[in-house]
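Below: one structure, written as structure tokens.
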Amino acid sequence: MADLKDKYPENAPGKFYVDSQCIDCDLCRETAPDFFGRNDDGGYSYVLKQPTTQEELDLCTEALEGCPVEAIGNDGE
């Protein structure tokens, strides 16, 4: 389970975030490319922008649920 205290600083403010458990598998970026980006130097994903519509929320939730190492969190903000 993702840890809010261990999230990457690049994450856009809001409920979704990626923490240091990320293994750079690319699943979140493939599932919701408008919302997840890659830090090329560090080799990890982060949240580019937060969802604002139900469709966008569904995409980000799908990425969260599919993350193989549970590095994506939703703090419910």
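Since every read-out is calculated from the coordinates, none of them should be taken as a lab result. It should be emphasised that the depicted structure is a prediction, and the values quoted were computed from it without experimental measurement. Heads up, the Cβs are rebuilt from the backbone with ideal geometry, glycines too, and the neighbour counts pull from every protein chain shown.
Placing a label point 7 Å from the Cα of Asp3 along the Cα-to-Cβ line, the residues of region 12-29 whose backbone N sits under 18 Å from it are 17-24.
Extending 7 Å from the Cα toward the beta-carbon at both Leu48 and Glu70 defines two label points whose distance is 2.8 nm. When every alpha-carbon pair in region 4-74 is counted, what percent end up more than 18 Å apart? Counting every Cα pair in region 4-74, those more than 18 Å apart make up 23 percent. For region 48-77 and region 1-36, what is the separation of their C-alpha centers, rounded to whole Å? Centre-to-centre (Cα) distance: 8 Å.
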